[in-house]
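The values are calculated or read from the model by the stated rules, or taken from the named source; none is laboratory data. None of the values given here were measured: they were computed from a predicted structure. Here Cβ is always computed from backbone atoms with ideal geometry, including for glycine, and neighbour counts include all displayed protein chains.
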Amino acid sequence: MNKKFAAVEDIKKLGRYLKGLLEFSEELEKIGSLEQAAHECEARIEKLKQEEAVAKASASVAIEHNESLFEQAAQKIEEANMKCDQIIAKAQSDADMLVGKAKADAEAMVHGAQAKKAAIELEVQNMRGLKAALEVEIQESQAKVEAFKKELSVMKEKLGV
């Protein structure tokens, strides 16, 4: 039985060796898993760096585009302000011209009306003078008519009529 005991001892030794090898293989498996995880993390970090670079490039393009749009908008606003200033200046000029013309027309109308008034007043004065002259002439004519009536009456008496 010595051989059997020795075989059992050898099997036990082998079991202890195998147990150690199993534990060692488990540790190697854990190390492999950690290394795999490290590689996966590195790959993920690299991918994130690439995504960051793409995002930065996109952001840079977007910023440049927005700056361009802002510049264009500022230019359009400036052009619109200049156009508004021109329109306002033209409207003010037109309004000033119209007001000036209206004033000139009004002054001309006032002068014309004043001239007509003066002419009418002169005509009225002339008519009053003519009326006074006609009234004097009428009075003189009436006096003559009265004188003729008296003379006629005297003549009728003399004639007996």
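Return the residues of region 137-161 that are exposed (fewer than 10 other Cβ atoms within 10 Å of the Cβ) and among the acidic types (Asp, Glu); say none if nothing qualifies.
Hit for region 137-161 is 157, nothing else.
Being surrounded by fewer than 10 Cβ atoms within 10 Å (Cβ to Cβ) and assigned to a helix (DSSP H, G or I) is the filter here; which residues of region 1-42 pass it?
Across region 1-42, the qualifying residues are 2, 3, 4, 5.
Can you find a residue in region 75-95 that is among the hydroxyl-bearing types (Ser, Thr, Tyr), assigned to a helix (DSSP H, G or I) and modelled with pLDDT of 80 or more?
Yes, some residue in region 75-95 is among the hydroxyl-bearing types (Ser, Thr, Tyr), assigned to a helix (DSSP H, G or I) and modelled with pLDDT of 80 or more.
Residue under question is residue 25, and the condition is that it be among the polar types (S, T, N, Q) and within 60 Å of the chain's Cα centre (by Cα); does it hold?
No; evaluated as a whole, the condition is false for this residue.
What residue, of 110, 161, is modelled with pLDDT of 90 or more and among the aliphatic types (A, V, I, L, M)?
Answer to the selection: 110.
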